[in-house]
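Structure record follows, encoded as structure tokens.
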Amino acid sequence: MDVSTQIKEFQDFFEKNYLDKILDAFQKGRSFIVVDFSLLSKFNIEIAESLLDNPEEVIKAAEIAVEHFDIPEGLKNFSVRLRNLPETQKLMVRDIRSKHINKLIFTHGVVRQKSDVRPQVTSARFECPSCGQTISVLQLDTKFKEPSRCSCGRKGKFRLLSKELVDAQGLVIEETSEELIGGEQPKRMNVFLKNDLVTPMSEKKTNPGTKIKLYGTIKEVPIQLRDGGQSIRFDLIIDANYIETVEEDFSEISISEEEEKQIKELAADPDLMKKLVNSVAPSIFGHEKVKEALLLQLVGGLQKVHDDGIITRGDIHVLLIGDPGAGKSQLLKRITVVAPKARYVGGKGVSGAGLTAAVVRDEFLKGWALEAGALVLANKGICCIDEMDKMNPDDRAAMHEALEQQSVSISKANIQATLRAETTVLAAANPKFGRFDPYETISRQIDLPPTLINRFDLIFPIRDLPDSTKDTQMAEFILNIHQNPTGKKPEIETRLLKKYISYGRQRILPKLSDSALSELKDYYVQMRSSGSTEGEIKTIPISARQLEALIRLAEASAKLRLAAKVTKKDAKKAIELLQYCLGEVGMDKETGKIDIDRISTGIPASERSKIGQIREIIAGLEGTLGKTIPIDDIMREASDRGIKDEDVEEAIEKLKRTGDLFEPKSGFISRI
């Protein structure tokens, strides 16, 4: 089919199917139109086939056809974009070969790197100084080309009159992990974008970390050797025609009227909470409290920006610490399916740069570029970190800023940047010795730095203790699942649950009611005043951080009900969850009181008061006995004050560890 026939066919096709959309694009000042390939193949199969084999010429014919519709003055270079190609054109990055060059294909991938937008010359006009003739040269190569000769016989030294520029940008896309088999390493491919694909609106689609569906033509790029010659090897690049985002965060998920109706019906159900809890992870037995907390975490609280510029986070961070085989990793994996935007990372294979951001060499612009890590890639989503106790302490420290300030600051290789990381973190870890010791307090078995633990709103110890009734139920549950793998369906299907959570996050912005406010205030004040006094030191049951956690949980509870106000009921639910966690982790066995210091510093107040008393005794004995003090004398003095011998030994051991005391000879100690 010759070009003029193709142009005529395209005109007919656009008049029948896309006239409204073309006129709409003209009105809105958009210089492109997106064409559905399936409609084109129904209209004319011959054109559709030649489009796949010879995309450049056919797309050019389509663009000329659009120009017949009186394009407004301001719009130049009108583009025709294609989507919905047949599955035969789908290629994985690793399967692209030389036979695919100049063919139209589509592929899936994750954007890993993105260069800046820079102008590029498409054609240039030159004037011959001898005869005054103007010569146009198309710039198709990577090297700027001048005319070789003029008709008057002049060679070289032409004057550049004007040049046409388009905006261009480079991306690096990487295969998605779901499509890989076994130990394959994800392959990368360079992508070239120009014109309307680099407008600020489409820029958002191509941010690092986004999953995209990319339609384009494969092109070869010559590789220059160091001596200026050309290599026999060529590089491949995808000249992008159209980009669609595959993975959306909460704010981008579209909800139809039909789905909105289903969501509202579900919200009106009296058994809503029970249904939601049963649908979070139906194939995991028990853990109702944890599942409830995970639901609240998925919808999250409200982020508040104060007048002085301080931002209070709305994300609820949850930490699960438990015995092996209690189903922690399974819960994390399931959450990555339910949450619209989620990343899953395992502790041992994680570095600080992989979590936050790395500085890498930029191939496109020959400089340094930032490559976002998991916490940044999951911005406005959830990041599940498994085996957190196995991480390197230095790498763990990288999370501090991301958890509380919700940003990641980088200052390396002349790059100073602050990246947004509004990410909810769900982490799982094992106790210090692999399993919980039933006779030791839980807080002593959490092998994580107190500063990091303090940033988690809820900490759930998941203990695996023998209990005949529970064990019978669990055995039946697991065996039934194995007998009938498809039998355990969630009460609310995953697709609807995803939309329900997104709806809660997008549309519901609940306000704290006075009754909820007073409920939270009463609880906070009552907890603060209930701390027991140990000698001179009062235990601190909860701190202001827990109060903020309560507000977030109460807001999330209102969001789950799709309510505009946070009621007393929501406040009670938040208090109940926090009380449960504090009771499990922060209970001081000796006093029977909740003590937040158990979690935040690792030393309960009762023990701190003993350490203080031992210090006093040592200082007193130093005055009478001199620098070197026998431990027996300290024990005698302490027993008069009612302190047990083992407590004295423990306190001395702790003071030696902190560097306050040392042992010059066996059985004697000295202050440093």
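Would you confirm whether any residue within region 618-625 is under 28 Å from R463 (Cα atoms), part of a helix (DSSP H, G or I) and at pLDDT 80 or above?
The answer is no, given that none of the residues of region 618-625 is under 28 Å from R463 (Cα atoms), part of a helix (DSSP H, G or I) and at pLDDT 80 or above.
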Scanning region 268-321 for residues that are of a type in the set (D, E) and closer than 29 Å to D467 by Cα, the one modelled with the highest pLDDT turns out to be E292
Result of the Cβ filter at 7 Å on region 55-70, keeping first residues that are over 16 Å from L82 (Cα atoms) and partners that are at pLDDT 75 or above and among the β-branched types (V, I, T), at least 6 apart or interchain, is F69/I22
| Based on what the data block shows, is L40 surrounded by 14 or more Cβ atoms within 10 Å (Cβ to Cβ) and touching a strand residue (DSSP E or B) at 6+ places or on another chain (Cβ under 7 Å)? | no
Of the listed residues (V305, V350, V360), the one being among the hydrophobic types (A, V, I, L, M, F, W, C) and either surrounded by 18 or more Cβ atoms within 10 Å (Cβ to Cβ) or in contact with a Cys (Cβ under 7 Å, 6 or more places away or on another chain) (or both) is V350
For region 105-131, the count of residues that are buried (at least 18 other Cβ atoms within 10 Å of the Cβ), within 23 Å of the chain's Cα centre (by Cα) and not in a strand (DSSP E or B) equals 1
Of the residues in region 89-126 that are touching a Ser or Thr at 6+ places or on another chain (Cβ under 8 Å) and charged (D, E, K, R), the one that is farthest from R149 (Cα to Cα) is K90
Going through region 326-343 in order, the residues found to be touching a residue at least 60 places away in the same chain (Cβ under 8 Å), touching a helix residue (DSSP H, G or I) at 6+ places or on another chain (Cβ under 8 Å) and assigned to a helix (DSSP H, G or I) are L331, I335, V337, V338
Is there a residue being out of contact with any strand residue (DSSP E or B) (no Cβ under 7 Å at 6 or more places or on another chain) and at pLDDT 80 or above anywhere in region 105-118? no
Conditions (1) within 26 Å of G327 (Cα to Cα); (2) of a type in the set (D, E); (3) at pLDDT below 75 -> D386 fails only (3)
Check: more than 10 Å from the chain's Cα centre (by Cα) and surrounded by 22 or more Cβ atoms within 10 Å (Cβ to Cβ): does that describe A402?
Finding: yes
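It is to be established whether one or more residues within region 71-88 are aliphatic (A, V, I, L, M) and part of a helix (DSSP H, G or I). Give the derivation first.
Restricting attention to region 71-88, the residues satisfying the condition of being aliphatic (A, V, I, L, M) are 71, 75, 80, 82, 85.
Next, only the ones that are part of a helix (DSSP H, G or I) stay: none.
The answer is no; no qualifying residue exists.
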>> Yes or no: region 652-659 includes at least one residue that is within 55 Å of the chain's Cα centre (by Cα) and in contact (Cβ under 8 Å) with a residue 40 or more places away in the chain.
In response: yes
L377: passes all of (1) farther than 29 Å from R118 by Cα; (2) in contact with a Lys or Arg (Cβ under 8 Å, 6 or more places away or on another chain); (3) at pLDDT 75 or above but (1)
Among residues of region 144-180 being small (G, A, S) and assigned to a strand (DSSP E or B), the residue nearest to L197 (Cα to Cα) is A168
Flagged in region 371-388 as in a loop (DSSP other than H, G, I, E, B) and touching a Leu at 6+ places or on another chain (Cβ under 9 Å), in numbering order, are G373, N379
(message) Among the residues of region 284-293, are any small (G, A, S), free of Cβ contacts under 8 Å to residues at least 40 places away in the same chain and on the phi < 0 side of the Ramachandran plot?
(response) no
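Restricting to region 1-31, name every residue that is of a type in the set (A, V, I, L, M), surrounded by 12 or more Cβ atoms within 10 Å (Cβ to Cβ) and farther than 19 Å from Y242 by Cα.
Passing the criteria: M1, V3, I7, L23.
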Among (1) surrounded by fewer than 16 Cβ atoms within 10 Å (Cβ to Cβ); (2) in a loop (DSSP other than H, G, I, E, B), K274 falls short only on (2)
When restricted to E9, E56, E63, the only residue part of a helix (DSSP H, G or I), under 19 Å from F106 (Cβ atoms) and among the charged types (D, E, K, R) is E56
Of (1) loosely packed, with under 14 Cβ neighbours inside 10 Å; (2) modelled with pLDDT under 80; (3) farther than 25 Å from Q6 by Cα; (4) out of contact with any Pro (no Cβ under 9 Å at 6 or more places or on another chain), D95 satisfies every one except (2)
Scanning region 49-72 for residues that are within 20 Å of N102 (Cβ to Cβ), aliphatic (A, V, I, L, M) and surrounded by 19 or more Cβ atoms within 10 Å (Cβ to Cβ) gives L51, V58, I59, A61, A62
Of those in region 422-445 that are at pLDDT 70 or above and touching a Lys or Arg at 6+ places or on another chain (Cβ under 7 Å), the residue surrounded by the fewest Cβ atoms within 10 Å (Cβ to Cβ) is Q445
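The values are calculated or read from the model by the stated rules, or taken from the named source; none is laboratory data. All values derive from a computational prediction rather than experimental measurement. Virtual Cβ from ideal backbone geometry, glycine too; neighbours counted across all protein chains shown.
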